[in-house]
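Taking it in order: structure first as structure tokens, then the write-up.
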Amino acid sequence: MDPYLTNDLKDIEAAVREFCAKEMEQEHLHELEDRHAYPRELYRKIGDLGIIGAGFSEDVGGSGYGAMGHVVTVTELCRNLPGMGMALSLGYIPGFVVDVYGNDVQREKYIRPVVEGRYVSAISVTEPDSGSDLGSAKTRMDEKDDHYLVNGSKVFTTNAGYADFYTLLGRDGGGLSLIIIDKDVMESNAPGHFEINDLGRKMGINTTTSGELVFYDLRIPKDNVLGQRGKGLKMVLDGFELGRIVIAAQALGAMLYGYERAVKHAKKRNQFGRPIIKFQSIEHDLVDMYVEIEKCRSLLYKTAWLYDLKDPESKKYSSMVKLTVPQNAIDILNRTIDILGGYGYMRDQGIEGALRDIRITSIYEGTGHMQKNAIAKILF
Ligand SMILES: Cc1cc2nc3c(=O)[nH]c(=O)nc-3n(C[C@H](O)[C@H](O)[C@H](O)COP(=O)(O)OP(=O)(O)OC[C@H]3O[C@@H](n4cnc5c(N)ncnc54)[C@H](O)[C@@H]3O)c2cc1C
């Protein structure tokens, strides 16, 4: 019995598993990575099948299962093939801030197409000189009649170049505000008013971009402001709460991926005349991995459950899972490589790629240090 997963959620989990078994292939992932191409077709399919929508509310076409819905689907996507599951979920995780703070018109215009798998979202908050310290962002949003003029630059935007809309954090008078930059805005501005630049090669998630956006007097209608002006930083930090939970789900999925492959290999691989699982050191490693997974899974489900209940404790828990599940995922994938021996180091086995992909989960949407700062602030 599972105290958190209802029968509906178990059915969704089984449906995602079935989809992954049919549609996700490691060779396809490697081919996309080599071309640095986003899996747009698969993204469209998970939209059509309601996998993206599981956690979104019904008024924008979702199924209304909230954070638990997102956690179950993202865990299962990443359990099958972490790099692909991460890329697919990174198509909609950046849209959470618009879903939480957008008005009815904005949610209908941007979030419904995300739920349907037609729109890929992006969020641009990090700047060259402001990463953890987002409050020091310098990008300017200057008010002019019925629009804003945006000047400045953002770095590391996931999905830069192919996203259908970006949520940007900018300095508006004294405070920080959020504004949506969509394709209409991009296309209606004269060339030269923005640039999207590649930031070069990176360690993992190579089917997604992590680009630089540069703005020169980019004109954005005032209607595109998200939520309350001057409350941009608070909205980003609060809006990231669900993001942190779902990123932990990416990491939990990768833990399961590693563990399941390690068990399979240990049963099959013979050395000294017996399967290596018969060596107590290997068996104990697998037990440690299993226990870590169960600890992370329980903490993550509890966190999603608190978030869905709008319990104020969820803020602390979302930082706790963002801190601990990625660390454990990195550890488990490292141990998996050891259990696979030399084979674990080879690309075709998928584990070294999964380790490189999952490494970012302890950095983006707030590093482990920043999560500890947030937890300490609540505790003491
Ligand atoms: C692949 C990738 C995808 C990304 N996607 C996005 C995206 O879509 N949108 C976006 O806006 N950004 C994105 N980012 C940026 C990411 O969120 C930042 O890199 C991250 O928040 C850390 O900021 P920083 O890199 O500037 O590091 P810094 O803030 O410079 O931190 C460096 C080190 O100092 C520590 N540190 C800093 N301040 C403190 C403190 N007060 N207390 C203790 N330790 C501290 C940090 O924990 C870290 O160890 C992405 C980054 C990457 C690499």
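Structure notes:
- Each principal axis of the chain carries a Cα extent, and these read 79, 43, 40 Å when sorted largest first.
- Cross-link reach is defined here as a Cα-Cα straight distance under 17 Å, omitting same-chain residues fewer than 8 places apart; for LYS264 the lysines meeting it are LYS278.
- Among the protein heavy atoms of segment 199-286, carbon and sulfur supply 50% of the accessible surface, probe 1.4 Å, non-protein parts ignored.
- Residue-normalised accessible area of segment 117-217, given per residue in Å² at a 1.4 Å probe: 42 Å²
- Expressed in Å, the radius of gyration and Dmax of the Cα atoms of segment 165-270 are 20.3, 68.
- Two-decimal log10 I(q)/I(0) for segment 1-143, as the Debye equation yields it once each C-alpha is a single scatterer, q = 0.12 Å⁻¹: -0.55
- Three semi-axes describe the equivalent ellipsoid of segment 121-229; taken as square roots of 5 times the Cα gyration tensor eigenvalues and ordered largest first, they are 22, 16, 12 Å.
- Taking amide hydrogens as placed 1.01 Å from N in the peptide plane, the amide H of SER130 sits under 5 Å from that of no residue at least 5 positions away in sequence or on another chain.
- Of all accessible heavy-atom area on segment 34-143, the percent that carbon and sulfur account for (1.4 Å): 45 percent
- Accessible area per residue, Å², segment 233-379 with all protein chains present, probe 1.4 Å: 48 Å²
- The equivalent ellipsoid that matches the C-alpha gyration tensor of segment 226-380 spans semi-axes of 36, 15, 11 angstrom, in descending order.
- Cut-off 13 Å between beta-carbons: net charge of the residues surrounding ALA160, Lys and Arg +1, Asp and Glu -1: -2
- Solvent-accessible surface (1.4 angstrom probe) belonging to ILE378, in square angstrom, nearest 10: 80 Å²
- Top of ASP308, ASP145, ASP288 by mean-square fluctuation, Gaussian network on the chain, Cα under 10 Å: ASP145
- Ordered by solvent-accessible area of protein heavy atoms (1.4 Å probe), largest first, the residues LEU42, LEU149 come out as LEU149, LEU42.
- Set of lysines near LYS377 by C-alpha distance (under 29 Å), chain-local residues within fewer than 8 positions excluded: LYS138, LYS154, LYS231, LYS234, LYS295, LYS302, LYS310, LYS315, LYS316, LYS322
- The distance from the alpha carbon centre of segment 151-178 to that of segment 1-48 is 29 Å, rounded to a whole number.
- Summed side-chain charge close to THR361 - residues other than THR361 whose Cβ falls under 12 Å, Lys, Arg +1, Asp, Glu -1: +2
- Cα gyration tensor shape for segment 89-150, rounded if a/c is under 1.5, else prolate or oblate: oblate
The values are calculated or read from the model by the stated rules, or taken from the named source; none is laboratory data. Computed from a prediction, not measured in an experiment: that's the story for all the values here. Because the Cβ atoms are built from the backbone with ideal geometry, glycine has one as well, and the counts that use them run over all protein chains shown. Note: areas computed on protein heavy atoms with side chains; ligands, DNA, RNA excluded. Shrake-Rupley method; radii C 1.70, N 1.55, O 1.52, S 1.80 Å.
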